[in-house]
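To start, the structure under review is shown below, and the notes come after it.
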Amino acid sequence: MRYEKALEILKYLKDRENLKIYDSHVHPFDVIGVVRPEINNKDNNFGLKSSLIDKLKFNKTANILMRSASIVAPKFIENSVKEIYQKCSPGTLLNEMDHSCIDISTLVPVCPWVTIDEIYKYYRDEKRFIYLGSIDIQAIDINEIEPEIERQITLFNIKGLKLHPNLQGFYPQPSYNNEIIERKVKKIYDVVSNKKLYILFHAGYTNLFSKNKSYRRKDYALLKNFINNKGQSEIFKNYNFPSVLAHLGNYAKIFKDRKIIKLIMRKYSNIMFDTSGTDAATLRWFLENFGSKRLIFGSDAYYHSMKSASGLCLECITRTVSKEKIEESISNIFCRNFELLLHNYK
Ligand SMILES: [Zn+2]
């Protein structure tokens with residue numbers, strides 16, 4: 001079955017079965033720190049194009065290119081990010097959503113570069129947007145963590161937090177950190193559990209370049225820092241909040257770590273993965289081995305176009321050999337799994 005057929009099924013589920021189609025992972029502002037989170041552009045017609053990485057579908061070559069560019073041509077990356085984000089506006093996102101059949105996008109900050117307050121200032125549309133919060137783990141005082149999360153719930157109705165271990169400078173396993181960060185990480189996990197939120201974790205590498213803060217590191221978010229090779233995990237064992245590991249846990253990794261994905265799938269039931277920035281081979285391998293029950297669609301930053309991201313995902317679904325019906329995979333990945341995450345735990 002071809003991609004067009006899958007798109008037809010998606011449209012059918014949306015129009016006839018009244019399924020809401022979600023993108024669970026959208027960054028309306030640059031989170032690396034290259035462009036300030038402001039909208040200067042009044043032209044709502046700027047459309048996103050597929051980047052080279054999108055065209056290469058996040059394959060090995062794409063990952064090697066990204067890594068090399070971050071080392072030898074950081075200015076080039078900076079300028080590409082700038083060029084896209086300076087032209088984008090809420091209109092750009094809404095157009096992109098309409099072209100990709102997405103009803104609702106989850107807007108994702110990463111503190112301190114982008115706060116949920118800044119996102120909400122420009123992207124205020126409760127019908128088409130859902131909001132996640134974020135905490136500046138380095139700067140915040142431990143006693144401020146709970147009131148700050150409560151504030152974000154009250155003002156923005158956040159459904160979860162986005163944490164980016166590589167950019168924010170911490171290990172997801174609390175005890176791997178120094179004592180101060182360990183206490184803060186535990187506090188965040190406690191509050192998230194009590195408030196029935198979920199956490200969207202960046203998982204995998206991050207290619208860092210010139211604008212780096214000293215505490216950033218490319219590898220805090222590797223899967224081995226969530227769970228050890230015996231399958232033990234402080235987070236997943238001691239806390240009951242659901243997690244989404246973005247990028248199938250392997251962002252920018254040239255060799256994907258499938259062994260740990262298997263371990264997570266076997267041992268912990270409240271972990272999902274998102275599809276953003278994932279190559280076709282890994283996505284298909286996942287679908288063939290585990291089906292679609294724990295996968296949600298996400299497109300990530302504006303330099304990865306939403307349309308290419310959903311296209312890649314639909315294409316993988318149609319090419320996967322599995323017992324599942326295509327309708328079932330599409331409705332799970334684009335709707336039901338995310339709704340479970342939003343409603344089941346509230
Ligand atoms: Zn992200």
Extension reserve of the L65-N270 stretch, reckoned as 0.36 nm per residue once the Cα distance is removed: 70.4 nm
How about K323: which aspartates and glutamates have a C-alpha closer than 14 Å to its C-alpha, ignoring those fewer than 8 places off in the same chain? E288
Quick one: compute the contact order of region 278-326, relative version, from alpha carbon pairs under 8 angstrom and 6+ residues apart, as a percent. 50
In nanometres, what is the gap between the two model label sites at Y12 and Y215, each 7 Å from Cα along Cα-to-Cβ? 5.1
Length-normalised contact order for region 134-206 - Cα pairs under 8 Å, 6+ apart - percent: 41
If you build a Gaussian network model of the chain, linking Cα atoms that sit under 10 Å apart, which residue out of N95, N238, N270 swings the most? N238
Centre separation in Å (Cα based) which lies between region 222-279 and region 323-339: 20
Go through region 164-250 and name the GluC sites (Glu not before Pro) that are in a DSSP coil and have 15 or fewer other Cβ atoms within 10 Å of their Cβ. none
Residue with peak Gaussian network fluctuation, the chain [Cα springs, cutoff 10 Å], from P28, P242, P74: P74
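So which of K20/K60; K230/K293; K237/K293; K195/K267; K256/K293 end up more than 27 Å apart by C-alpha?
Pairs exceeding 27 Å: K20/K60.
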Dipole magnitude (debye, nearest 20) for the chain, charges at Cβ of Lys, Arg, Asp, Glu: 1080
Counting other C-beta atoms within 10 Å, and keeping those with at most 10, which DSSP coil chymotrypsin sites (Phe, Trp or Tyr not before Pro) do you find in region 252-346? F255
The residues H202, H99, sorted from fewest to most surrounding Cβ atoms within 10 Å, come out as H99, H202
Most mobile of G133, G298, G91 in a GNM of the chain (Cα contacts under 10 Å): G91
Per-residue [θ]222 nm for the chain (sum of -39500 (n - 2.57) over DSSP H runs n ≥ 4, rounded to 500): -12000 deg cm²/dmol
Only Cα pairs under 8 Å and at least 6 apart count here; give the relative contact order of the chain as a rounded whole percent. 22
Contour minus Cα-Cα distance for F76 and S322 (0.36 nm per residue): 84.4 nm
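Values in this text are rule-based calculations from the coordinates and carry no lab data. Predicted, not measured: the structure shown is a model, and the values here were computed from it. Ideal geometry is used to build each Cβ from the backbone, glycine not excepted, and the neighbour counts take in all protein chains shown.
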